[in-house]
Amino acid sequence: MTNQVIYLDQEDDFVSIRDRLDWATEKRVVLVLPDRGDLLTNYLDISLIRRHADKLKILIGLVTVDSRVKKQAKELGIPTFRSVEESERRHRRWWRGRRQRVIPGQPSRLAESDREEVKRRSKARPAWTKWLISYSAIIIFL
């Protein structure tokens with residue numbers, strides 16, 4: 001199966017990318033993002049492109065060096081590559097990944113300070129406090 005390669009400019013936005021996908025003739029489309037610029041760094045844009053590609057029944061992959069785009073694409077199950085040649089060689093990466101459940105606007109991976117805060121908050125209570133709370137609730141209910 002061959003890939004159709006679409007080179008994007010810094011001026012492109014979701015609408016122009018969607019139009020280019022409408023004209024795609026192959027089932028696999030590789031979108032090559034420019035090295036500079038903020039193209040597709042917004043989670044909403046990538047998810048809308050993924051949804052449009054699903055509607056057209058085509059597979060999309062991204063060629064990018066931007067770590068923000070790679071992270072968001074991985075969360076949506078879109079394969080990312082370093083070059084166009086790599087996208088043609090690595091057929092296994094084209095297998096559609098499972099979408100990860102992500103809340104837009106929330107960090108998908110916790111920073112080190114956030115992990116420590118979660119650990120601090122999730123320390124288990126002693127057993128006697130759990131019993132005290134449950135028996136107190138029963139007594140109040142009765």
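The values are calculated or read from the model by the stated rules, or taken from the named source; none is laboratory data. Given the structure is predicted, the values throughout are model-derived calculations rather than measurements. Here the Cβ is made from the backbone with ideal geometry for all residues, glycine too, and neighbour counts use every protein chain on show. Calculation scope for accessible area: heavy atoms of the full protein, side chains included, ligands and nucleic acids excluded. Shrake-Rupley method; radii C 1.70, N 1.55, O 1.52, S 1.80 Å.
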key: Of all residues making up region 4-56, the number that are polar (S, T, N, Q), over 20 Å from the mean Cα position of the chain (by Cα) and part of a loop (DSSP other than H, G, I, E, B)   = 2
query = Of the residues that sit in region 1-17 and are loosely packed, with under 15 Cβ neighbours inside 10 Å and of a type in the set (A, V, I, L, M), which one is farthest from Ile46 (Cα to Cα)?
reply = Met1
key: Neighbours by Cβ (under 7 Å, 6+ apart or cross-chain): first from region 18-35, under 17 Å from Ile46 (Cβ atoms); second among the small types (Gly, Ala, Ser) and modelled with pLDDT under 90   = Val30/Ser87
key: Selection from region 67-81 of residues that are in contact with a helix residue (DSSP H, G or I) (Cβ under 8 Å, 6 or more places away or on another chain) and small (Gly, Ala, Ser)   = Ala73, Gly77
query = So which residues in region 57-84 are open to solvent by 70 Å² or more (accessible area, probe 1.4 Å) and of a type in the set (A, V, I, L, M, F, W, C)?
reply = Val65
